[in-house]
Amino acid sequence: MENTIVNLSCSAEAPCPKQPPTISWSNIPESAHITTQLQEKPDKTLSVFSHMTFKASYMDHRRNISCTVTYPRKTLNDSTVETTVMLQVLFPPKETHITIDPSASVSVGTNVTLTCKSKASPSINMNYTWYKRGYEMPIAWGKKITFNATQKNAAWYSCTAQNQHGKQSSAEIQITDEGEFMQSKCREQGHL
């Protein structure tokens with residue numbers, strides 16, 4: 001879940017304690033803190049343990065984090081072993097915004113399609129609700145709405161995306177009675 005602390009561990013046996021393997025991480029989150037140490041296990045053998053701790057962000061969703069163990073050798077090539085995990089981060093909708101088709105100005109009387117887009121996890125079974133400024137109740141549900149660019153439909157529109165972890169509203173977009181589009185920077189709302 002977003003904003004929870006994640007702990008990842010990587011370990012490798014150290015059969016030759018005077019030349020223990022090294023552990024390196026790749027593609028790590030910015031907030032990661034790593035500690036690595038040589039430890040004795042209950043059976044008296046030694047292993048190198050590396051622990052990574054970080055706070056999960058929605059930007060980490062589907063991030064592949066790799067741990068590489070390198071055993072030093074007397075030959076030219078060291079021996080390496082690598083393992084990778086892909087993070088699955090659950091989070092409420094983010095970066096919710098409206099796209100317009102056609103993207104250029106349209107003439108009055110032609111169809112306009114507004115699409116509500118958002119990043120979320122899980123993204124399956126997302127709910128989209130459409131609002132028109134001046135109306136208390138939603139005007140439509142679903143990812144897309146299509147209507148005729150007429151004077152009657154000239155208004156400010158916004159959408160809300162929702163999954164089981166929360167919801168977020170887009171900025172408002174204006175359809176003018178000339179069939180032009182304008183974006184408003186306001187109306188970004190947080191999660192539940």
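Each reported figure results from applying straightforward, stated rules to the coordinates on display, with no laboratory input. Just so it is clear, the model here is predicted, and its values are computed rather than measured. Note: ideal-geometry Cβ built from the backbone for every residue, glycine included; neighbour counts use all protein chains shown.
Sorted ascending by nearby beta carbons within 10 Å, beginning with the fewest, S170, S158, S103, S123 become S103, S123, S158, S170.
Please give me the summed charge of the neighbours of V69: other residues whose Cβ is under 12 Å from its Cβ, Lys and Arg +1, Asp and Glu -1. Once all neighbours under 12 Å are counted, the net charge is -3.
Residue exposure proxy: W130, W156, ordered by other Cβ atoms within 10 angstrom of their Cβ from fewest to most, comes out as W156, W130.
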